[in-house]
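Q: Let me give you the structure first, and then I'll get to my questions.
None of the figures in this text is laboratory data; all of them are computed from the coordinates on show. Because the structure is predicted, anything quoted here is derived from the model rather than measured. Cβ placement follows ideal geometry from the backbone for every residue including glycine, while neighbour counts extend to all protein chains displayed.
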Amino acid sequence: MSASQSVTILLVEDDEGHSYLIKENLMRAGIRNDVISIADGQEATDFLFCRGDYEGKTRPSPLLVLLDLNLPGRDGQMILKDMKSNDDTCRIPVVVLTTTDDSSEVDACYKLGCSVFITKPVDFENFGECIRKMGLFFDVVTIPDGEF
């Protein structure tokens, strides 16, 4: 995300510890974008499609989604499928950030349209380093603006 872009990051992560580490290490990598954290798959879907508690509200744009797969409510693959099959959300970049490295899940997420699939390291130090590297990557990426 170039310095001139004000991209909002939607972090969909149900593990509070992971959520904290992700936000902290993005900041360490120099990412100062607004981060909205949601811990439930159904709430994330409502946010993305302005339904339920988010009805009548405007979704931030441009937006980047960091998506865990194992979520309460609705799982990440369901959210990804809904996003990529809807004209209003299909071009929002989605980075799957999850603990699984199962090749069938990786393949499924790419087939559904994720932009990047990152497996979270289980080791604390490697986890932080992974997120910092992701932040450095975000610093050079340009995200598409709102309406298409």
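Q: Can you spot a residue in the range 40-47 that is within 25 Å of GLN77 (Cβ to Cβ), surrounded by fewer than 16 Cβ atoms within 10 Å (Cβ to Cβ) and either touching a residue at least 60 places away in the same chain (Cβ under 8 Å) or hydrophobic (A, V, I, L, M, F, W, C) (or both)?
A: no
Q: Taking the condition of being under 18 Å from ASN25 (Cβ atoms) and either surrounded by fewer than 16 Cβ atoms within 10 Å (Cβ to Cβ) or of a type in the set (Asp, Glu) (or both), how many residues in the range 105-136 meet it? So that I can check it myself, show each step before the final result.
A: So the first thing to find is which residues in the range 105-136 are under 18 Å from ASN25 (Cβ atoms), and the list is 116, 118-136.
If we keep only those that are either surrounded by fewer than 16 Cβ atoms within 10 Å (Cβ to Cβ) or of a type in the set (Asp, Glu) (or both) as well, we get 116, 119, 121-126, 129, 133, 136.
Count: 11.
Q: Pull up the range 8-25, narrow it to residues that are farther than 16 Å from MET83 by Cβ and not charged (D, E, K, R), then point me to the one that is surrounded by the most Cβ atoms within 10 Å (Cβ to Cβ).
A: ILE22
Q: Could you pull out the residue among VAL65, VAL96 that is buried (at least 16 other Cβ atoms within 10 Å of the Cβ), within 16 Å of ILE118 (Cβ to Cβ) and without any contact (Cβ under 8 Å) to a residue 40 or more places away in the chain?
A: VAL96
Q: Just give me the residues in the range 5-24 being under 16 Å from GLU43 (Cβ atoms) and more than 13 Å from the chain's Cα centre (by Cα), in sequence order.
A: ASP15, GLU16
Q: Then there's this: Going through the range 26-39 one residue at a time, which ones are crowded, with 19+ Cβ neighbours inside 10 Å and within 18 Å of ASN70 (Cβ to Cβ)?
A: The answer is ILE38, and nothing else.
Q: Moving on. Please state which one of SER37, SER6, SER85 is among the small types (Gly, Ala, Ser) and in contact with a Gly (Cβ under 9 Å, 6 or more places away or on another chain).
A: After ruling out the rest, the residue left standing is SER85.
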